[in-house]
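So the structure is just underneath, and the comments pick up after that.
Just so you know, all these numbers are worked out from the coordinates, no wet-lab data involved. Being a predicted model, the structure only gives us computed values, none of them experimental. With ideal geometry, Cβ positions are generated from the backbone for all residues, glycine too; neighbour counts draw on all protein chains shown.
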Amino acid sequence: MKRVVVTGMGVISPIGLDYAAFADSLKQGRVGIGPITKIDVAESPIKLAAQANGFDPEAAGVPKKEIRRMDTYCQFAMAAAKQAVDMSGLDTAALNPRRFGVIVGSGIGGMETFERDVVGMYEKGGFRIAPLFIPMMIGNIAAGNIAIMLGAKGICTSVVTACTTSANCIGEAYRHIKHGYSDVIVAGGAEATITRGAIAGFAALKALSPATDPARASIPFDKERNGFVMGEGAGIVVLENYGNAIARGATIYAEIVGYGTNCDAYHMTAPSPDGAGAADCMLDAMAEAGITPADVGYINAHGTSTQLNDSAETMAVKRAFGDAAGSVYISSTKSMTGHLLGAAGAIETIACIAALKGGFIPPTMGYKTPDADCDLNYSPNAATPAEFDYALTNSLGFGGHNASLCIKK
């Protein structure tokens, strides 16, 4: 079995458009939530989102001639992948291309393209639509475009598991390298769903917060939580065989040491109230890492700020950690970034790495009113200095999907 390390990270997020800015925002507790400006929400009950304001695809290194051929989610993915590879110092031309892969997904894919082109077709009548409608819309195209950009001819695939998407992408990439099928994989996810259809759809499910105060909109584990805040962006990591990384003198930022994934098999949109599936994921990730709950210093919770998720995840931590549940630091960085859906697991993996490297626990911002059903240590409102060696990040998705990654300093 091969050890698998992280040698590069790329982030496009509402609290930073690169790793350094993102990590600093986590430490400072910056909230990236504000009024929606990308679409007209005059007739919508939802007024707030977490936008990746200031993102310029051309400035971020996406080839100018390709920008108009890519949905925004793909532009986010390309920019974050370029950051991650640049940070890694990889000479991609020197790699064996058949052992160099890409596993990057999106929970929803090219929603902006889908809405714009389909609405336009129906308004105009007939069956005429943009020639690149399909390749811009489909959820695998970010992985394909990244592979083309990098010359990666190994595994190139996309996992689509709703809000668990990018955690599964990283976990599957970890396993692919661990078992010797690849040497280097670019992994993660991207999402761009601040659109009329996505906002309306999630609002119809009563999943989005109708709050108008950015400081009290995404408030995971707070008794007054009333839905998640839509976010957008991408998180990409370069995963590499440890021996390969050492041989080329790479900087190693963290090691992936465990992965658990399963399904609640309970409900289409709601998590199992007893948290059993998520608990098993954490236990599986820790077992693969060869550690016990007492070794884990920090859990980056899925923590969506919805009533059902946060109480079920609290139950899951109690089931998995037993007596150690009350002492482990927990936080939801969605209180700052909003919920990036299919990209959430990846940026939260990067948040864990920033915390391990920086010696701090990212806060759960906006926390004010305790809830009897959520009674653990959620690290409220300010970063906490802490030195620790292992972190877990949890992702839970519609369809009952669960995933946990264990990350080592």
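Computed packing ranks the peptides 35-48, 393-406, 122-135, 275-288 as 393-406, 275-288, 35-48, 122-135, most packed first, by mean other Cβ atoms within 10 Å.
Charge tally for residue 370 (other residues, Cβ to Cβ under 13 Å; Lys, Arg +1; Asp, Glu -1): -3. The slack between residue 181 and residue 204, meaning 0.36 nm per residue of separation minus the straight C-alpha distance, is 4.0 nm. Note on the range 1-74 and the range 154-217: Cα centroid distance 13 Å, given to the nearest whole angstrom.
Bridge orientation summary for the chain: considering DSSP beta bridges with both residues in this region, about 70 percent are antiparallel. Set against the 2.2 N^0.38 Å expectation for a compact globular protein, the chain has a Cα radius of gyration ratio of 0.91.
Only one residue of 84, 35, 94 has its Cα farthest out toward the positive end of the dipole of the range 1-135, where Lys and Arg carry +1 and Asp and Glu -1 on Cβ, and that residue is 94. Springs between Cα atoms under 10 Å define the GNM used for the chain, and in it the highest mean-square fluctuation of 166, 25, 327 occurs at 327. Mean-square fluctuations from a GNM of the chain, with a 10 angstrom spring cutoff on Cα atoms, peak among 26, 340, 150 at 150. Once backbone amide H atoms are built at 1.01 Å from N, residue 102 has 155, 156, 157, 186 as its partners under 5 Å, excluding neighbours fewer than 5 places away on the same chain.
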